[in-house]
Amino acid sequence: MSLSRDNANNIANVLTEALPYIQRFTNKTIVVKFGGNAMVDDALKEQFARDIVLMKLVGMNPVVVHGGGPQIGALLEQLNIESRFVDGMRVTDSQTMDIVEMVLGGSVNKEIVTLLNQNGGKAVGISGKDGQLIRAKKMSISRQTGDMKAPEIIDIGHVGEVEAIDIRVLDMLIASDFIPVIAPIGVGSNGESYNINTDIVAGKIAEVLRAEKLMLLTNVEGLLDKQGNILTGLSTREVDKLISDGTIHGGMLPKINCALDAVKGGVTSAHIIDGRAPHVVLLEIFTDEGVGTLITNKKNSL
């Protein structure tokens, strides 16, 4: 296919704009949380895979951590197993945990690996149980109302929180030029499996890898102020203030806290971006404008 001079110039301009970012992020680790609408739209899945492979080809070290909530919910519905949530966490009994492992560690993980490999990448799928990558403990949720003498402890089953990350298996894969694709399943001290929030896993992995960027793909444009405008270029101190004054609340709060903890823990920057937009990963990394909400400890960070 022949290109017009204008189209050729546009391509040249794009590549020129991308060059300083490629130079800046060569050999840097970038952890990408893949979930939401981007995981169930075929065109977006294909674009995501090409974006990740391109990052690898120009010298970056992408690490993918994926969710699979819609796929888990669909299979549970097919099996006539009711989905219940407490504070946004899926109640996970032993039967549901088997389904979660089958979907996250099996079908979803392997689909992403296949997409990356078909687009020229070298991807390897693992769960947090492999090499004891994610050591976890049972999460407990407590609630207290005014007439209670003590809070009520709610058992939500095999839902876990991260105790420790052993990155040796990731170091081995990255050093061997592979793209790790991680299912957020942790292993307990007795070998039991735990379903862990994907944002939390991505944040903790970014922290222990001392990643340059943590990118959380979501179903919203980014963090919005009280007037509905996208907020970006935020320092950790500014984010703390937005939490205190109630600007950040509800379902966005856990995601922001995850990004905030990662940046405070040593990740250079965290980005909350709209996974519904085409090639959103490349737009964030390779353009001056960027997309979504940026949280960083540094001023004038790319």
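For the reader, a short list of remarks on this structure follows.
- Residue match in region 121-142 (condition: within 21 Å of Lys255 (Cα to Cα), modelled with pLDDT under 90 and open to solvent by 60 Å² or more (accessible area, probe 1.4 Å)): yes
- Matching residues, region 179-192, being assigned to a loop (DSSP other than H, G, I, E, B) and surrounded by fewer than 24 Cβ atoms within 10 Å (Cβ to Cβ): Gly188, Ser189, Asn190, Gly191, Glu192
- Checking every residue in region 97-105 against the condition of being within 17 Å of the chain's Cα centre (by Cα) and part of a strand (DSSP E or B) gives zero matches.
- Meets criteria (hydrophobic (A, V, I, L, M, F, W, C), over 29 Å from Asp245 (Cα atoms) and either modelled with pLDDT under 95 or in a strand (DSSP E or B) (or both)) for Ala164: yes
- For region 203-220, the tally of residues that are farther than 14 Å from Gly265 by Cβ, open to solvent by 20 Å² or more (accessible area, probe 1.4 Å) and either over 18 Å from the mean Cα position of the chain (by Cα) or at pLDDT 80 or above (or both) stands at 1.
- Test result for Arg84, free of Cβ contacts under 8 Å to residues at least 60 places away in the same chain and of a type in the set (D, E, K, R): yes
- Evaluation of Leu79 against (1) in contact with an Asp or Glu (Cβ under 8 Å, 6 or more places away or on another chain); (2) more than 25 Å from Ala277 (Cβ to Cβ) (one fails), failing number: (1)
- Candidates Asn109, Asn80, Asn117: the one that is of a type outside the set (A, V, I, L, M, F, W, C) and not in a helix (DSSP H, G or I) is Asn80.
- Close contacts from region 228-245, counting a first residue that is more than 17 Å from Ala262 (Cα to Cα) and touching a residue at least 60 places away in the same chain (Cβ under 8 Å) and a second that is surrounded by 12 or more Cβ atoms within 10 Å (Cβ to Cβ) and hydroxyl-bearing (Ser, Thr, Tyr), with Cβ to Cβ under 7 Å and a gap of 6+ residues or different chains, come to Ile230/Thr293; Leu231/Thr293.
- Residues in region 57-84 that are closer than 17 Å to Leu209 by Cα and surrounded by fewer than 19 Cβ atoms within 10 Å (Cβ to Cβ): Gly59 only.
- From the options Glu46, Glu17, residue that is more than 30 Å from Ala183 (Cα to Cα), surrounded by fewer than 21 Cβ atoms within 10 Å (Cβ to Cβ), in contact (Cβ under 8 Å) with a residue 60 or more places away in the chain and not hydrophobic (A, V, I, L, M, F, W, C): Glu17
- Met97 under 23 Å from Gly188 (Cα atoms) and among the aliphatic types (A, V, I, L, M): yes
- Between Ile153, Ile200, the distinction of being in contact with a Ser or Thr (Cβ under 6 Å, 6 or more places away or on another chain), open to solvent by 40 Å² or more (accessible area, probe 1.4 Å) and either free of Cβ contacts under 8 Å to residues at least 60 places away in the same chain or under 19 Å from Thr96 (Cα atoms) (or both) belongs to Ile153 only.
- Look at region 95-119: where a residue is over 15 Å from Gly69 (Cβ atoms) and open to solvent by 40 Å² or more (accessible area, probe 1.4 Å) and a partner is at pLDDT 95 or above and not in a helix (DSSP H, G or I), sitting 6+ places away or on another chain with Cβ atoms under 7 Å, you get Lys110/Gly125; Asn117/Ala123.
The values are calculated or read from the model by the stated rules, or taken from the named source; none is laboratory data. Computed from a predicted structure; not experimentally measured. Cβ: placed from backbone, ideal geometry, glycine included. Neighbour counts: every protein chain shown. Note: areas computed on protein heavy atoms with side chains; ligands, DNA, RNA excluded. Shrake-Rupley method; radii C 1.70, N 1.55, O 1.52, S 1.80 Å.
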